[in-house]
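In what follows, a single structure is set out as structure tokens and then discussed.
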2 protein chains.
Amino acid sequence: MRPTGDGIPFEKAEYDRRIALVKDEMWRREMDTLLISEPSNICYLTGYEAFSFYVFQTLVIHRDIENPIWIGRSMDATSVRRMTYLKADTIRPYTDDYVQSAEWDPVDFLVAQLREVCPTLQALGVEMGAYYYSARTHTKLLASLPNSRFLDAELMVNWIRIRKSPAEIAIMREAGAISDAMISDAVEASSPNMRECDLTAVIYNRMIAGTPEFGGVYASSPPYVLTGSRSGEPHAPWSDRKIGTDTPINVETSACRRRYHAPLSRTIFLGSPPDSYVRLADAVVEGIEAALERVRPGVTCAEIERTWRETIARHGLNKESRLGYSIGIGFPPSWGERTASLRSSDQTVLEAGMAFHMMPGLWLGDTGVTITQSFVVTESGREDLTKFPRRLIVKA
Amino acid sequence: MRPTGDGIPFEKAEYDRRIALVKDEMWRREMDTLLISEPSNICYLTGYEAFSFYVFQTLVIHRDIENPIWIGRSMDATSVRRMTYLKADTIRPYTDDYVQSAEWDPVDFLVAQLREVCPTLQALGVEMGAYYYSARTHTKLLASLPNSRFLDAELMVNWIRIRKSPAEIAIMREAGAISDAMISDAVEASSPNMRECDLTAVIYNRMIAGTPEFGGVYASSPPYVLTGSRSGEPHAPWSDRKIGTDTPINVETSACRRRYHAPLSRTIFLGSPPDSYVRLADAVVEGIEAALERVRPGVTCAEIERTWRETIARHGLNKESRLGYSIGIGFPPSWGERTASLRSSDQTVLEAGMAFHMMPGLWLGDTGVTITQSFVVTESGREDLTKFPRRLIVKA
């Protein structure tokens, strides 16, 4: 493994395998050309990790062309050359005139490149609901290529990504080790006189510094650090007030290594939790343990969720939101893969190599508890990606 | 000013003024209903700051209804109630069944709400090129509302946001103070034996901890910390290699307070810079000083850029990318407002209250230098939002 940010993370053979899987699926769907907008899918297929998706960027895969073609901003082409296996003729940058301009539209540039490079443009796959594939881009493409048929390829690559290779799982273990250290640091640092922002700074510091062996990078979402009456708000920013006493601190976070995530959430209770709160946490732990026990190849997402639901129902509890989701490569704004969810309507069958964040967060308006587990499905059951004990942490 | 994350940041009168400006523009465009997708525009009009835009979320403004209507995920409604002035009947959450599901589409929920709430749906403004307004959402809306006319409202609210109020500028000054501290910390900490990730952790730590008076939150983009041969790559992630000696460290970053940014970039040179590099930095400083001198109401963006371009041309230099962009509220993936740019084709006339990041970054393939300045246009000229000296920092 090369250091973070120093060249391509996997062997070329692994990328070849991934591209072959995508092309197989293109044949099945009778799609000759695929336009990929979602940064995580671009990273999966090329190794590209730069934060350039806030401007127009597309990876083009044509069934009859060996390598993908990157279309993006000229100042980012240097990163493509260093981070990926792409050769000069498949790196096609546009000039800065096209960036956030009222006169120049990068879709025109893309269309010109497609016409030049692609032997056919009969059936174009586009990621209709992807982050960063805008309504404007789609409307312009439809008008510019009136003779092409458009197919919805949303989540097509995401569903291929769902089975991780041993090399990917090795990186996710490293992310998990950093996640564990983030929560350990938070437990050690937290105190009633500390401001929420200062505790969050401790968590960020570890996310980025990583371990002495390997560093981290920014996760796709900020950490959530929720205390007091805000502990029932899953996605609110922290404040600069002092944490105070007799409050839960809900920390939901993830480390990130080479864009792979291993999320981890724990509740740290400062002071003395009321009996009702301890019972709530105990029920959550009983539920997550029962659900994790069920994990093995052949079981469905719905069955896992049902075990959780039936277990907590015995304590009179109910969680409206899903119990978890598939994880892997992520870029802002999300570390979820947007494919399988652990919920009653999801009949996805678990296979070895799939990875999930089981996220039994309960946010009950003015309080909440979060004790979660990231894992990979193995041939015989599961491997936990983080090792932090699954229990309420009480810091008196 | 209340603490970060503790209720709405501005007086209700300021939000009333903003909503009135939007409704005026809707009348001008003959638009009865406006659907806002861009999180920064939702924040501008309501105060809402939570990280919930990775799932479907829309703010509805109808010309004949006093307050906006928030449509989003049920678990985030608690944050809307705490952070904004919106009343219960205008907070309309959908259940978790709609989240990343193949069966349930939140656009159906939106359409049902529009039909129930809006007295007319004749001409709908949608933000065609906005982050988080997907091709899928637009296609579904078009099909669901066949009797409505659709208008492109992209950047409509962004252009209203471009003139900052005194209360907004006060927050941007606080962000600037944190940005200054981030660069100071980086200068103090950097050394050849430090890993890039450890230096980045120092920068993040200050971004979040802020100052003893006020804390920070996550910026819309990660810091860029580029050393050695990667100093010519503007958006690459840092590595976990040691920084080494005789290298520039290009730090491009921004603090964030209540979602307002004040970006700041500096190059720290560790060791002895070659004469050619010092001349490059001197030319950049000469160029930025000349361009900043030109800033006052009535001058165009293009004129500012021309002064820069002509100044550095005397040293045989040329920058292909734009010289800067409008700044203010931002959410991932961008702290730019996507409106005015400092470039030769932009005839926007500067007015008091506009804020820019002048970003004369030169990335020359295998090296680069970044010495930048965020400022607000004042009646008489400009106010710098950060105070760090504009010069190459050499740390022997």
With the structure loaded, tell me whether B:S380 is of a type in the set (G, A, S) and within 24 Å of the chain's Cα centre (by Cα) or whether it fails that test.
no
Filter pass, B:G129 being away from chain A (no Cβ under 11 Å), among the small types (G, A, S) and in contact with a strand residue (DSSP E or B) (Cβ under 9 Å, 6 or more places away or on another chain):
no
Could you list, in sequence order, all residues of region B:183-232 that are out of contact with any strand residue (DSSP E or B) (no Cβ under 6 Å at 6 or more places or on another chain) and modelled with pLDDT under 95?
B:S229, B:R230
Here's a check for you: in region B:239-254, which residue that is surrounded by fewer than 22 Cβ atoms within 10 Å (Cβ to Cβ) and β-branched (V, I, T) is farthest from the other protein chains (Cβ to nearest Cβ)?
B:T245
From the options A:L124, A:L114, A:L86, residue that is crowded, with 17+ Cβ neighbours inside 10 Å, in a loop (DSSP other than H, G, I, E, B), more than 11 Å from chain B (Cβ to nearest Cβ) and not polar (S, T, N, Q):
A:L86
Could you say which residue among A:R338, A:R314, A:R322 is within 14 Å of another protein chain (Cβ to nearest Cβ), without any contact (Cβ under 8 Å) to a residue 40 or more places away in the chain and basic (K, R)?
A:R322
Out of (1) part of a helix (DSSP H, G or I); (2) touching an Asp or Glu at 6+ places or on another chain (Cβ under 9 Å); (3) within 30 Å of A:V55 (Cβ to Cβ); (4) not basic (K, R), what's the single condition that is false for B:H138?
(2)
Identify, by number, the condition in (1) over 22 Å from A:R322 (Cα atoms); (2) more than 10 Å from chain B (Cβ to nearest Cβ); (3) under 19 Å from the mean Cα position of the chain (by Cα) that A:G271 doesn't meet.
(3)
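Of all residues in region A:22-54 being surrounded by fewer than 16 Cβ atoms within 10 Å (Cβ to Cβ) and not in a loop (DSSP other than H, G, I, E, B), which is nearest to the other protein chains (Cβ to nearest Cβ)? Quick ask: steps written out before the conclusion?
Within region A:22-54, the first condition is being surrounded by fewer than 16 Cβ atoms within 10 Å (Cβ to Cβ), and the residues that meet it are A:24, A:27-30.
With not in a loop (DSSP other than H, G, I, E, B) added as a condition, the list becomes A:24, A:27-28.
Numbers: A:D24: 22, A:W27: 23, A:R28: 18 Å.
The extreme case among them is A:R28.
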So A:P222 passes all but one of these: (1) within 14 Å of chain B (Cβ to nearest Cβ); (2) farther than 28 Å from B:F53 by Cβ. Which condition number does it fail?
(2)
Quick one: A:F375 ticks every box in (1) of a type in the set (F, W, Y); (2) touching a strand residue (DSSP E or B) at 6+ places or on another chain (Cβ under 6 Å); (3) within 14 Å of another protein chain (Cβ to nearest Cβ) except a single one, so which number is it?
(3)
Report, by residue number, each residue of region A:207-227 that is crowded, with 22+ Cβ neighbours inside 10 Å, over 27 Å from B:S74 (Cβ atoms) and more than 19 Å from the chain's Cα centre (by Cα).
A:A209
Qualifying residues in region A:290-301 (those that are surrounded by 17 or more Cβ atoms within 10 Å (Cβ to Cβ) and of a type in the set (A, V, I, L, M)) - the one nearest to the other protein chains (Cβ to nearest Cβ):
A:A291
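Anything in region A:260-298 that is touching a Pro at 6+ places or on another chain (Cβ under 8 Å) and closer than 17 Å to A:I249 by Cβ? List them, or say none. Steps first, answer last, please.
Going residue by residue through region A:260-298, those that are touching a Pro at 6+ places or on another chain (Cβ under 8 Å) are A:267-271, A:273, A:277, A:281, A:284, A:287-288, A:291.
Passing the criteria: A:T267, A:I268, A:F269, A:L270, A:G271, A:P273, A:Y277, A:A281, A:V284.
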Reported set for region A:55-70 where residues are under 22 Å from the mean Cα position of the chain (by Cα) and either in a loop (DSSP other than H, G, I, E, B) or farther than 12 Å from A:L86 by Cβ (or both) is A:V55, A:F56, A:Q57, A:T58
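Is it fair to say A:R230 is at the interface with chain B (Cβ under 7 Å from one of its Cβ atoms) and more than 24 Å from the chain's Cα centre (by Cα)? Working first, answer last.
Numbers: at the interface with chain B (Cβ under 7 Å from one of its Cβ atoms): no; more than 24 Å from the chain's Cα centre (by Cα): yes.
Considered against the rule, which asks whether it is at the interface with chain B (Cβ under 7 Å from one of its Cβ atoms) and more than 24 Å from the chain's Cα centre (by Cα), A:R230 comes out as no.
Within the group A:I371, A:I393, which residue is of a type in the set (A, V, I, L, M, F, W, C), within 21 Å of the chain's Cα centre (by Cα) and more than 30 Å from A:F53 (Cβ to Cβ)? Before the answer, list the steps.
On the way: A:I393 fails: within 21 Å of the chain's Cα centre (by Cα).
Of A:I371, A:I393, the one residue that is of a type in the set (A, V, I, L, M, F, W, C), within 21 Å of the chain's Cα centre (by Cα) and more than 30 Å from A:F53 (Cβ to Cβ) is A:I371.
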Are any of the residues in region A:191-214 under 19 Å from A:T370 (Cα atoms), in contact (Cβ under 8 Å) with a residue 12 or more places away in the chain, in contact with a Leu (Cβ under 9 Å, 6 or more places away or on another chain) and within 8 Å of chain B (Cβ to nearest Cβ)?
yes
Can you tell me which condition A:A352 does not meet? The list is (1) in a loop (DSSP other than H, G, I, E, B); (2) out of contact with any Ser or Thr (no Cβ under 6 Å at 6 or more places or on another chain); (3) at pLDDT 95 or above, and all the others hold.
(2)
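The values are calculated or read from the model by the stated rules, or taken from the named source; none is laboratory data. The shown structure was predicted, so the numbers you read here are calculated from the model rather than taken from an experiment. As a convention, Cβ positions derive from the backbone with ideal geometry for all residues, glycine included, and neighbour counts pool all protein chains shown.
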